[in-house]
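Undergrad: I am attaching a structure below and will ask some questions about it afterwards.
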Amino acid sequence: MSITPVYLSIKTINYTDCAGLPPKERISVEMVFRGLYHFSRSLLRGKITDAVTYLVEHYQMLGLIKQERKWHP
């Protein structure tokens, strides 16, 4: 089985068509890279073949969206 490299850039995702999604500033880049590790393990097991699909389906489990902070005066 050959594995092709995955290139993912959050900055290139077009958010104009994605109503209801949180602002892209709330996406944790560190957690996306951590999620790519879990994707690679699923890829080796043959469960999934697309990184973006995996991240979208498991975004809550992977903690990709940062929580809104409460503002304290």
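Undergrad: Could you derive backbone 3J(HN,Hα) for the range 59-65 from the dihedral phi with the Karplus parameters 6.51, -1.76 and 1.60 (θ = phi - 60°), listing whole Hz in sequence and x where the residue is Gly or Pro?
TA: Result, ordered by residue: 4, 6, 4, 7, x, 6, 9 Hz.
Undergrad: Dimensions of the range 23-73 along principal axes (Cα, Å, largest first)?
TA: For the range 23-73, the Cα spread along each principal axis is 50, 15, 15 Å.
Undergrad: Continuing with the same structure: Using per-residue counts of other Cβ atoms within 10 Å, averaged over each peptide, order 49-56, 64-71 from highest down.
TA: Numbers: 49-56: 14.1, 64-71: 10.1.
Output ranking for 49-56, 64-71: 49-56, 64-71.
Undergrad: Explain nothing, just the number: relative contact order of the range 18-73, from Cα pairs under 8 Å at least 6 residues apart, as a whole percent. Please report the intermediate quantities before stating the final value.
TA: On the way: 29 pairs, mean separation 25.4, N = 56.
After rounding, I find 45 percent.
Any read-out appearing in this document is the output of simple, stated calculations on the displayed coordinates, not a laboratory observation. Because the structure is a prediction, the values reported are computed rather than measured. Because the Cβ atoms are built from the backbone with ideal geometry, glycine has one as well, and the counts that use them run over all protein chains shown.
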